[in-house]
Amino acid sequence: MTTQDRGLAALGLDGVPALQPLSYPGLPVTVPSLLTGAELLPLRATPGGLGRWTADPGTSLDEALALLGQSPLRRRTPVIAVGSNASPGQIAHKLARHGVPAAVPMVPVRVRGIGIGCSAHIGRAGYVAAAPYPAPAAEATLVVSWLDAAQLAAVDGTELPNYRRALLPGEAYGMTLPSGEPLGEASLYVSVRGVLADPATRLPRPGGGDQAALLDALLDASPRLRELLGPDAATWVRRAAGDPGLRARGTRLFAEEGWVLPWTDL
């Protein structure tokens, strides 16, 4: 495969949910990869630590980062994504907006104890983003990105103040790399707003799926929300993205409808 074949557009991974809200959460990476702006290079998982994994065309990951003039793995923070931060198109967009190079290792990691719900707020782009919550029996493959200091600050700027960044110990959450090696720790953005409840079960409403279906379900469940942001998902995201006041009022309605669970103790 040529370098040109690894372009995000050629791979179908160039979508940006921040610009196309109903596409949220976007498409995640499914194999270990190195994002280099508009390209996604494959990584081959081998024992000996992530920095020694093989990057196309045969250099180690740390060597590939050095060739790009970027920080090695030991100076990066692993961050778990439960929503659009698993999408290379979204991460590249976020970093480009801040003028930060998008050289980011992105690796699917098996993680235990984390459920994926819906944050109990309406985000700047108009969508209802995913949010984690404690779920001891859960096990899922989640994308972990290794961010340098500038990248971490840029991504923080897109998540705060609606989320806080929590540090999770690997032994408590069973984090396992594709090489079979444990990941010692990783950060995770946790919603300070709580997560939305499913009215029928009073358990967290599943997040990270079809955004249009989620918004339509919320509109159907609340006449007041429908009056504010309806009649459909497309109208919701168009109106909410353009009006901070509407986003704030919609967020308050989540609480007034009794949908908010404060399940954020991670």
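The values are calculated or read from the model by the stated rules, or taken from the named source; none is laboratory data. Everything quoted here is computed from the prediction, not taken from an experiment. Positions of Cβ are backbone-derived with ideal geometry, glycine not excepted, and every protein chain shown enters the neighbour counts. The area values use the complete protein model at the heavy-atom level, side chains included, leaving out ligands, DNA and RNA. Shrake-Rupley method; radii C 1.70, N 1.55, O 1.52, S 1.80 Å.
Sequence-ordered 3J(HN,Hα) estimates for the range 90-97 from the Karplus curve with 6.51, -1.76 and 1.60 and θ = phi - 60° stand at 5, 5, 4, 5, 4, 6, 4, 4 Hz, glycine and proline given as x. Note on the range 49-109: Cα-only Rg and Dmax are 12.1, 31 Å. Per-residue extension of 0.36 nm, minus the Cα-Cα distance of residue 243 and residue 203, leaves a gain of 11.4 nm for this segment. Principal-axis analysis of the Cα atoms of the chain puts helix 244-256 at an angle of about 70° to the longest axis.
If you take the alpha carbon atoms of the range 106-211 and fit the smallest convex hull around them, that volume is 113 Å³ per residue. Working note: Karplus 6.51/-1.76/1.60 with θ = phi - 60° gives the range 166-179 the couplings 9, 9, 10, x, x, 5, 7, 10, x, 7, 10, 6, x, 6 Hz, where Gly and Pro are set to x. For the range 63-80, backbone phi angles converted through the Karplus equation (6.51, -1.76, 1.60; θ = phi - 60°) give residue-by-residue couplings of 5, 4, 5, 5, 4, 7, x, 10, 5, x, 4, 5, 9, 10, 10, x, 10, 7 Hz, Gly and Pro being listed as x. When Rg and the Kirkwood Rh are both derived from Cα coordinates, the Rg/Rh ratio for the range 1-102 amounts to 0.96. Computed from the C-beta positions of residue 227 and residue 68, the FRET efficiency with R₀ = 45 Å rounds to 0.35.
Seen against the Cα atoms of the chain and their longest principal axis, helix 149-159 is set at about 10 degrees.
Amide H contacts of residue 147 (H built 1.01 Å from N, in plane; Pro and chain starts excluded): 77, 79 sit under 5 Å, all sequence-distant by 5 or more or on other chains. The residues 116, 80, sorted by heavy-atom accessible surface at 1.4 Å with ligands and nucleic acids left out, run 116, 80 from largest to smallest. Compared with the direct C-alpha span, the chain from residue 160 to residue 234 gains 24.1 nm at full extension, assuming 0.36 nm per residue. Under 5 Å between amide hydrogens, built in the peptide plane, is the criterion, and for residue 117 it picks out 131, 133, 207 among residues at least 5 positions away or on other chains. Expressed as a whole percent, the proportion of Cα-Cα pairs in the range 136-266 lying more than 24 Å apart is 42%. Distances between placed amide hydrogens fall under 5 Å for residue 70 paired with no residue 5 or more residues away or on another chain. For the range 163-232, dividing the convex hull volume of the Cα atoms by the residue count gives 130 Å³ per residue. Solvent-accessible surface of the range 183-266, averaged per residue with a 1.4 angstrom probe and all protein chains in place: 47 square angstrom.
Accessible surface of the range 1-77, 1.4 Å probe: 54 percent of it comes from carbon and sulfur atoms. Against the chain, whose longest principal axis comes from its Cα atoms, helix 211-221 is set at around 20 degrees.
Full extension of the chain segment joining residue 210 with residue 138 gains 23.9 nm, where the gain is 0.36 nm per residue of separation less the Cα-Cα distance.
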